[in-house]
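Student: Okay, here's the structure, questions in a sec.
The values are calculated or read from the model by the stated rules, or taken from the named source; none is laboratory data. These numbers come from a predicted model, not from an experiment. Here the Cβ positions follow ideal geometry from the backbone for every residue, glycine too, while neighbour counts run over all protein chains shown. Only protein heavy atoms, including side chains, enter the accessible area calculation; ligands, DNA and RNA are left aside. Shrake-Rupley method; radii C 1.70, N 1.55, O 1.52, S 1.80 Å.
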Amino acid sequence: MAKTSTSTQGLRAAIERSGYYPALVAEAVEAAVGGEAIRSFLVHQETTFDANEVRRHVTVLVLTDNRFIVSHTDEQAADSTSPTPYATTSTESVKLGRISSVVLSRVVANPEKYVPGTLPREVVLTIGWGAVSRLDLEPAACGDPNCEADHGYTGSSTADDLSLRVSEAGDGPDAVRQTLAFAQSLSEATADVTP
């Protein structure tokens, strides 16, 4: 489920609708937002299957005039460190000027028949601000198929701080629309920031 809007009451209502520890999630997010006005937000809940366990996760993204706030909450089964099930929630506050990339990938069916305005069947929102980078390396080679020399390595570094996948089939068309709207708001906000 994904929700986007621009009010504190709307944010709290979206968190409550997600049904995922709403008091815990709302308290953490509201503390991170503080007194700032909310420009846009997105609440996205995921359910994953891990061996014999079902795990839930909620991500809350909030855009204010100055910051981008990310909150993650996960539930954990009882284990050797805790005799009872528990949840962990974290928030990160990023100044808008630190956001280096907002990537929105769209997956559309039958692209030859695409009509502008048609909803993608899936979107992936990737946001980078330099906290996490992924390094992909592979052996370098030259054009000579008989060459046995060591040419070292080649690769690329990708900012990959947050990646959120939303699909029409799994999350519903409203969730896809809301992710598109949040991505547009965040892109516009980062374009407005002077370095």
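Student: For the chain, set up a Gaussian network in which alpha carbons nearer than 10 Å are linked by springs, and say which option among Gly143, Gly170, Gly97 fluctuates the most.
Tutor: Per the Cα network of the chain with a 10 Å cutoff, Gly143 tops the list.
Student: Same structure again: Can you tell me the orientation of helix 22-33 relative to the chain, as the angle in degrees between its alpha-carbon axis and the longest Cα principal axis, to the nearest 10?
Tutor: Relative to the chain, helix 22-33 is tipped by roughly 70 degrees.
Student: Quick one: dipole size for the chain, taken about the Cα centre, charges +1 on Lys/Arg Cβ and -1 on Asp/Glu Cβ, in debye to the nearest 20.
Tutor: 800 debye
Student: I would also like to ask the following. Given a Förster radius of 35 Å and the C-beta distance between Glu148 and Val107 as r, what FRET efficiency does 1/(1 + (r/R0)^6) yield to the nearest 0.05?
Tutor: In this case the efficiency is close to 0.25.
Student: Relative to the first principal axis of the alpha-carbon coordinates of the chain, what is the inclination of helix 173-192, with its axis defined by its Cα atoms, in degrees from 0 to 90 and to the nearest 10?
Tutor: Orientation of helix 173-192: about 70 degrees from the principal axis.
Student: Next question, about the same structure. Ignoring ligands, DNA and RNA, what percent of the 1.4 Å accessible area of the chain is carbon and sulfur?
Tutor: In the chain, the share of accessible area belonging to carbon and sulfur is 49 percent.
Student: How high is the FRET efficiency from Ala181 to Val54, r the C-beta distance, R0 30 Å, rounded to 0.05?
Tutor: Result of the calculation: an efficiency of 0.55.
Student: Suppose the Debye formula is applied to equal point scatterers at every Cα of the chain; what is log10 I(q)/I(0) at q = 0.10, 0.17 Å⁻¹?
Tutor: Cα-only, vacuum Debye calculation for the chain: -0.52, -1.16.
Student: What angle do you read, to the nearest 10 degrees and between 0 and 90, between the alpha-carbon axis of helix 8-18 and the longest principal axis of the chain?
Tutor: 80 degrees
Student: Using the heavy atoms of the protein chains and a 1.4 angstrom probe, tell me the accessible area per residue for the chain in square angstrom.
Tutor: Here the residues of the chain average 57 Å² of exposed surface.
Student: Still on this model: Looking at Gly130, Ile69, Thr88, which one has the Cα that reaches farthest to the positive end of the dipole of the stretch 3-157 (charges on Cβ: Lys, Arg +1; Asp, Glu -1)?
Tutor: Ile69
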